[in-house]
Every structure is written in C-alpha cells, then in structure tokens.
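K.L.:
I have a structure I would like to understand better, so I am pasting it below and will then ask my questions one at a time.
The values are calculated or read from the model by the stated rules, or taken from the named source; none is laboratory data. Note that this is a predicted model, so its numbers are computed, not measured. Cβ placement follows ideal geometry from the backbone for every residue including glycine, while neighbour counts extend to all protein chains displayed. We work out accessible area using only protein heavy atoms, side chains counted, and drop any ligands, DNA or RNA first. Shrake-Rupley method; radii C 1.70, N 1.55, O 1.52, S 1.80 Å.
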Amino acid sequence: MSVREGPLAGVRILDLTQALAGPFATMILGDLGADVIKIEPPAGDLTRTTPPHAVEGTSLYFLTNNRNKRGVVLDLKVPEALAAFYALADRSDVVIFNFSEGVADRLKIDAATLRARNPRLIVCNMTGYGRRGPDARRRAVDPIVQSLAGAASITGLPGSEPVRAGVATADLSTGLYAAIGVLAALHERDRTGRGSSVEASLFHSQLSLLNYVGTYCAYSGEIPQPVGSGHPGTVPSQTFRTADGWITVDAGFDRHFRALCSVIGAPSLADDPRYANRQMRARNRAALLPTIVEAIAQRTTSDWIETLDAAGIPCGKVNNVAEALSSPQSEAYRAVREVRYRGTDVKVLATPLWFDDDIEHPLAPPPELGQDTHGVLRTLLGYDDAAIAAATRRSEPGRGLAA
C-alpha cells in the first residue's frame with residue numbers, strides 16, 4: 001500500500017518539550033506530516049533514561065513518544081545558540097514548549113518575544129495548571145493532577161481508596177488538546193494571516209475529562225463516588241466474571257435489558273416494576289445485579305460473546321494489554337507498527353488517524369541526541385562551520401533548558 005504525504009506537510013514545528021504531554025502532542029503532529037525539530041539541552045530530554053525498559057541504551061518511554069522528529073541540541077543560555085533558535089523560529093510555523101512557569105520568560109523565548117519577531121508564529125505553551133490562579137507555579141505531574149482534578153476520587157471500587165487511571169490521562173489529554181489547539185491556530189492563521197498563542201494545561205485537561213460526571217456534580221451538588229466498572233446512570237453496564245474470565249456488558253437501554261433478561265433465563269426481570277426503565281434500574285441496582293452476576297458466572301466468555309452478539313446486546317471480552325494489541329481489530333489497522341532503532345526493531349503504537357483510507361503513516365525512529373544539529377543549522381540557516389561551532393557551544397555543564 002502506498003504512503004500518502006501527510007496533511008501537515010510543509011508545516012515546521014520547533015519542539016522544546018520533554019516528558020509526556022508535549023512529546024505526545026508533537027509526535028501526533030509529526031505523524032501527520034509536520035517537520036518536527038526536537039530541540040534538546042545538551043543533557044538531552046530527561047525521559048531518555050526513564051525506566052523500566054530500554055532499547056540499545058535508550059528508554060522505551062522516550063522511544064514511544066518521539067518518532068518522526070529531527071534532533072537538535074542547543075543550549076539556550078549561550079547567546080549564539082539563542083540567536084540560532086530565534087532564526088529557526090523566524091522560519092517556523094509553530095513553537096511548542098512545556099517549561100515550568102517563568103522559564104520561557106527567563107530564557108527570552110516567551111510567546112510575546114517570539115511573535116514580535118515572527119507575527120505569523122503560533123506559540124503553544126503547555127502548563128501544569130495554567131498561567132493564572134494560586135497553583136500556577138506548582139509542579140505538576142500526572143498522578144497529582146489526577147488527584148487535584150477529581151479523577152482519582154471517582155476511580156476504583158465503591159468504598160475503596162482513591163485510584164489513579166492506569167494510563168497518564170492528564171498528560172495524554174493535554175497532548176491531545178495541545179495538538180487540537182495548534183491545528184485550530186493554523187487554520188485561523190490561514191484566514192487572518194496572524195499567528196496566535198495557544199495554551200493547554202494538565203489540570204484543566206483532566207478536569208474536562210470529567211465530562212458528564214462533572215456536569216452532574218455542578219448541577220446537583222451531589223459528590224460523585226466510584227462505581228468500579230459500572231456507570232452512575234446506566235444499569236447494567238459493567239464487567240462480569242464468567243466461568244473462565246471477564247466480560248463487559250452494557251444493557252442500559254430498555255430493549256437491551258429485555259434481551260439480556262431473556263438470554264440469562266430470567267425474562268420476568270424485564271416486567272418487574274423496579275426495573276421498568278433506566279431511572280428505576282439505576283435506583284435499584286443493588287437488587288438487580290446479583291441475579292445477572294450469578295447467571296453470567298455459569299458460562300464461558302466466548303459462549304457469552306456469541307450469545308450476546310446474536311441478541312444485539314453490546315458486550316466485549318476484557319482483554320489484557322497483550323491481547324488488545326494483538327487482536328484482529330488492531331491488526332486490521334496495523335495499530336502496532338515497528339521502527340528500527342540502532343539495529344533493533346521496536347514495536348510502537350500508531351496514531352489512530354487515517355486519510356483517504358490510507359493506514360500506512362510513515363514512521364521514522366526517534367532522533368539520537370543532536371543528530372540533526374549541524375544539518376538543520378546549515379540547511380535552514382545557512383551557517384558555516386564557525387557559526388555552527390559558536391551556536392553549539394555549551395554553558396555550565398549539566399544544566400538543562402528549564403534550569
């Protein structure tokens with residue numbers, strides 16, 4: 001299958017981000033065809049050494065989120081390096097960073113400074129809590145943000161301790177929002193000719209994921225509680241143990257509930273006034289669920305999948321991660337791809353966007369630290385060897401961009 005040119009071909013992005021939210025956002029944009037130039041301090045992105053897994057000495061965490069990028073090292077505390085960065089920003093469409101509050105101002109690469117030089121530039125600032133409010137200067141990491149934004153309080157089993165999500169929802173949602181914001185700003189620039197400043201924060205991104213749960217609380221004043229695998233307003237909708245595993249069933253709509261009652265051999269439940277509609281079933285979940293739990297435990301997962309599918313009832317086996325990655329549905333879209341890094345084939349997850357039914361996104365391995373520095377400075381800025389040497393000089397050893 002041929003590989004189409006990405007829809008963001010021709011867009012140049014300077015990526016100064018580290019950790020997860022920022023690299024995830026720029027990876028998506030790079031997968032979509034943008035020329036992403038990852039600018040790192042001399043010590044490199046902190047996640048190049050994140051445990052537990054490494055491939056040929058480089059963290060698998062780093063490899064997961066930094067493909068389809070070019071690698072440049074600039075110590076922005078060195079005047080010549082800062083001048084080179086300014087020159088690159090003048091020739092770019094987007095600059096993205098996720099420094100702690102105040103760092104961009106100290107480095108003189110804040111949005112106001114950069115956009116004064118290049119009015120068409122889009123500057124995306126990814127923060128922990130935003131740039132205003134009492135928490136603006138607090139350090140933000142995903143589990144703390146999940147806690148502060150209410151997510152941990154509604155995750156887990158009723159009566160259990162608060163639980164963070166199994167993946168970094170604050171980081172990943174911020175990356176998605178940042179990518180969306182950049183795309184919206186590029187569209188606006190096509191219309192107005194002017195760039196803009198875009199901001200996305202971990203706290204507010206995680207807060208937005210509360211969605212209807214947050215709305216329910218704001219409207220009713222009732223504090224949501226964890227419901228395990230269930231749903232506060234849809235019953236039954238949760239995981240059930242089968243004879244050999246687990247299955248998730250969602251039979252909240254009346255027609256699905258009636259069909260479920262039939263297939264579990266309890267048709268009279270559908271006529272019980274306590275379960276007459278969604279509101280009544282939610283109110284009487286404690287009385288209803290034991291009958292369903294007992295019935296589903298009697299048969300195997302595959303048996304139930306076949307039976308429930310035939311009855312038109314939404315259901316699915318609870319896969320472990322390995323099963324999900326190797327499932328026929330994943331393979332149909334090549335959701336797991338390979339990039340070659342230092343002679344090793346590394347499996348990564350592809351970006352789940354397709355254009356013109358083309359599922360073959362080009363995938364280039366993450367850059368070695370600074371591998372493209374000379375080439376970028378020479379080809380984009382016209383630097384000679386002396387200018388490159390000056391721009392790649394280091395300040396105090398061991399100090400990073402955010403110091």
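K.L.:
Once you've got the GNM for the chain with C-alpha springs shorter than 10 Å, pick whichever of A266, A87, A178 has the biggest mean-square fluctuation.
P.N.:
Highest fluctuation of the listed residues: A266.
K.L.:
Sort out for me the Cα centre separation of the stretch 17-85 from the stretch 254-298, rounded to whole Å.
P.N.:
Going from one Cα centre to the other spans 52 Å.
K.L.:
Quick one: what are the phi-derived ³J(HN,Hα) couplings along the stretch 110-124, Karplus 6.51/-1.76/1.60 with θ = phi - 60°, whole Hz, x for glycine and proline?
P.N.:
Running phi through 6.51 cos²θ - 1.76 cosθ + 1.60 with θ = phi - 60° gives 5, 4, 4, 5, 5, 6, 5, 7, 10, x, 8, 6, 9, 10, 9 Hz.
K.L.:
Answer with a single label: of (1) 23, 47, 25, 5, 0; (2) 26, 58, 16, 0; (3) 27, 61, 12, 0, which was calculated as P(r) over Cα pairs in 20 Å bins from 0, in percent from the structure in view?
P.N.:
Computing P(r) over Cα pairs in 20 Å bins from 0, in percent and matching it to (1) 23, 47, 25, 5, 0; (2) 26, 58, 16, 0; (3) 27, 61, 12, 0 gives (1).
K.L.:
Right, something else. Compute, for the stretch 303-403, the length of the dipole vector about the Cα centre, with Cβ point charges of +1 (Lys, Arg) and -1 (Asp, Glu) only. Units Debye, rounded to 20.
P.N.:
For this selection, approximately 720 debye.
K.L.:
What does the charge dipole of the chain about its Cα centre add up to, to the nearest 20 debye, if the Cβ of each Lys and Arg holds +1 and the Cβ of each Asp and Glu holds -1? Mind showing how you got there, number by number?
P.N.:
Values: 42 positive and 44 negative charges, 207 e Å.
Charge dipole of the chain: 1000 debye, to the nearest 20.
K.L.:
Sorted by accessible area with a 1.4 angstrom probe, largest first, how do R255, R67, R138 fall?
P.N.:
Numbers: R255 165, R67 5, R138 115 Å².
Final ranking, largest accessible area leading: R255, R138, R67.
K.L.:
If amide hydrogens are placed 1.01 Å from N in the peptide plane, which non-local residues have theirs closer than 5 Å to the one on K38?
P.N.:
Here D15, R70, G71, V72 satisfy the definition.
K.L.:
How many percent of DSSP beta bridges within the chain run antiparallel, rounded to 5?
P.N.:
Numbers: 17 of 38 bridges.
Restricted to the chain, the bridges split so that about 45 percent are antiparallel.
K.L.:
Ok, one more. Can you pull the percent of the stretch 305-350's accessible area that's carbon plus sulfur, 1.4 Å probe, other chains left in place?
P.N.:
Numbers: 1560 of 2930 Å².
Solvent-exposed carbon and sulfur of the stretch 305-350 make up 53 percent of the total.
K.L.:
Here is a follow-up. Name the residue from L82, T300, P51 whose Cα lies farthest towards the positive end of the charge dipole of the chain, charges +1 on Cβ of Lys and Arg and -1 on Cβ of Asp and Glu.
P.N.:
L82
K.L.:
Continuing with the same structure: Once amide H atoms are built 1.01 Å from N in the peptide plane, which residues 5 or more positions from S201, or in another chain, come under 5 Å H to H?
P.N.:
For S201, the qualifying residues are T127.
K.L.:
Comparing R91, R120, R106, which has the greatest mean-square fluctuation in the GNM of the chain with Cα pairs linked when under 10 Å apart?
P.N.:
R106
K.L.:
May I ask you to list, by number, the DSSP H helices of the chain whose Cα span along the axis is at least 27 Å and whose average Kyte-Doolittle hydropathy reaches 0.0 or more?
P.N.:
Both cut-offs are met by 169-192.
K.L.:
Ok, one more. Answer with one residue from G312, V348, V376: the one whose Cα lies farthest towards the positive end of the charge dipole of the stretch 308-403, charges on Cβ with Lys, Arg +1 and Asp, Glu -1.
P.N.:
V376
K.L.:
Ranked highest first by the average count of other Cβ atoms within 10 Å around their residues, in what order do 188-196, 203-211 fall?
P.N.:
In descending order of packing, they fall as 203-211, 188-196.
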